[in-house]
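So the structure is just underneath, and the comments pick up after that.
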Amino acid sequence: MLGFRLGFVRTCLLVLPGVVGLAAAACSSSSSRAGFDAPPADTTSSSGASGNTSGFVGGDSGVPPVGDGCTDAARLVYVLSLERDLYSFAPVDKKFTKVGALDCTLDGKTFTTVSMAVDRNAVAWVNMRDALSFTAESVMFKVDTKTASCTPTNIKGSWGGMGFSTNAGTTDQETLYMIGGTGPSGALLKVDFTKEKINTVVPLPEQVDLELTGTGDGRLYGFLQSKPLAIAAVDKSSAVFSQRAPLSTVQQPAAPMFAFSFWGGDFYVYTATDPSASKTTTVSRYRPSDKSVDNAYMTNIGFHIVGAGVSTCAPTAAPK
C-alpha cells in the first residue's frame, strides 16, 4: 500500500518513458523485538471500527478456520506497478502472476495508481489520481482481482497508504484504514462504505511517510519512511507508533516506489531506487520471530511496485 508522502498535498512527478509520458505518480505520507504484545481492547466507536493494536502478531496455526468464508484468491497478496499493472503474489512460492493492466478512467480522465487495499472478498480498493493533475485528491476505484477491471466510486479525498484490519471481537468484520487528511502531520482515517465517506479517526502524532497493512487478528502496521526505514505497530485509536523494528539494511526507496504487506507472520517491503527498466523492485522480508531481514528474498523483479494489498483472510502465522 503506497503511503501518502510528506506534505499531504504534494504530488511527485516522475518521468517514466513508455508508461504515461509524465506520470503524476502520487505520493503518500504520514506520519523491537520478536513476539510482540497482544492488542489491547477495542476503544474505537462507530461503524464497528477495530481497536488498539500495539505489538506484532503472536503465533497461531497460520491457517484461517474452516468455514471462514475466505477463498484462495482472498489469501493472496496483490500489488500494483508503476506501469499500471495488477499482480497477485504468493509469498511462499516467491511468485508474481500478472492479472492485467488497469484502465481506470472517469469523466474522460485516465488515472494513475497510488495505493491499494484488498477486502475479504478479494476485491481491491485502489487509490487513483488523475495522471495530469497537480492536486492531491484521490478517487477510490473498485478493482476486480480476477480481471483488473475498474469501477469508480464516490469516495474521494486526500489520502495515501491504506489497509484493512479485522474489527475487535469479530472474525469476519473489517475496517479500511488510511493515512491522509490535512494538518501538520495528517491523520489516521477510516472508510464508511455505506455512506461512501471518509472519516477522521485521529491526527497522526508525528510527521513521517507511512504505508499501512492490517491483519485478520485485528492489528494494523506501518512501514515508516524514516531513517532508517522501520516497521511499527499502529494504534487504531491514537495512531501512536510502537515497538519499531528498524530496517537498517533496506535501501531508502525513491517515491512513489515503495509498498508494504503482511502475510503468514512476516512482513514484506517492496522498494525501488530508480524507475529505469534495469533497476526494478526488490522485495525484502522482515521476520519478527527472529528479527531477521532478508534483502535477497527477491531482487530486481522486472517491474516497479507502488502499492500492495492483502486481505484479512491471509494467515497470521506461517502455514503448517
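Derivation of every value follows stated rules applied to the coordinates shown; laboratory data play no part. Only a predicted model underlies this, so the values are computations on that prediction, with no experimental measurement involved. In this analysis, Cβ positions are derived from the backbone assuming ideal geometry, glycine residues included, and neighbour counts consider all displayed protein chains.
Rounded, prolate or oblate: which fits region 180-290 when a ≥ b ≥ c are the square roots of the eigenvalues of the alpha-carbon gyration tensor, with rounded for a/c under 1.5 and prolate only if a/b beats b/c? The partial results should precede the final answer.
Working: a/c = 1.70, a/b = 1.44, b/c = 1.18.
Here region 180-290 falls in the prolate category.
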> Over what distance in Å are the Cα centres of region 247-313 and region 106-130 separated?
Replying inline: 20
> Taking a 21 Å limit on the Cα-Cα distance, which of the listed pairs LYS109/LYS195; LYS109/LYS279; LYS94/LYS279 fall beyond it?
Replying inline: LYS109/LYS195; LYS109/LYS279
> THR312's amide H: which non-local residues (gap 5+, or another chain) put their own amide H closer than 5 Å, with H modeled 1.01 Å from N in plane and none for Pro or chain starts?
Replying inline: ARG120
> So what is the relative contact order for region 180-320, in percent, with contacts set as C-alpha pairs under 8 Å and at least six apart?
Replying inline: 18
>> Apply the Karplus curve 6.51 cos²θ - 1.76 cosθ + 1.60, θ = phi - 60°, to the phi angles in region 76-87 and return the couplings in whole Hz, x for Gly and Pro.
In response: 8, 8, 10, 10, 10, 9, 4, 7, 6, 10, 9, 10
>> Using the Karplus curve 6.51 cos²θ - 1.76 cosθ + 1.60 with θ = phi - 60°, what ³J(HN,Hα) values do you get for each residue of region 249-259, in whole Hz, with x for Gly and Pro?
In response: 8, 8, 5, 4, x, 9, 4, x, 8, 8, 7
> Residue-wise, which Karplus ³J(HN,Hα) couplings in Hz belong to region 153-163, taking 6.51 cos²θ - 1.76 cosθ + 1.60, θ = phi - 60°, and x for glycine or proline?
Replying inline: 10, 8, 7, 9, x, 10, 7, x, x, 7, x
> Under a 5 Å amide H to amide H cut-off, with H placed in plane at 1.01 Å, what residues pair with VAL201 once short-range neighbours are removed?
Replying inline: LEU188, LEU189, LYS190
> Sequence-distant or interchain residues sharing an amide H contact under 5 Å with LEU102, placed H: which?
Replying inline: ASP85, LEU86
> For ASN121 and LYS279, what is the calculated FRET efficiency with R₀ set at 35 Å and r taken between the beta-carbons, to the nearest 0.05?
Replying inline: 0.50
> Which FRET efficiency value, to the nearest 0.05, do you get for THR299 and ALA101 by plugging their Cβ-Cβ distance into 1/(1 + (r/R0)^6) with R0 = 30 Å?
Replying inline: 0.80
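Using a/c under 1.5 as the rounded threshold, could you call region 94-214 rounded, prolate or oblate? The axes a ≥ b ≥ c are square roots of the C-alpha gyration tensor eigenvalues, and prolate needs a/b larger than b/c, oblate otherwise.
Details: a/c = 1.63, a/b = 1.14, b/c = 1.43.
Oblate shape, in that a/c is at least 1.5 and b/c is the bigger or equal ratio.
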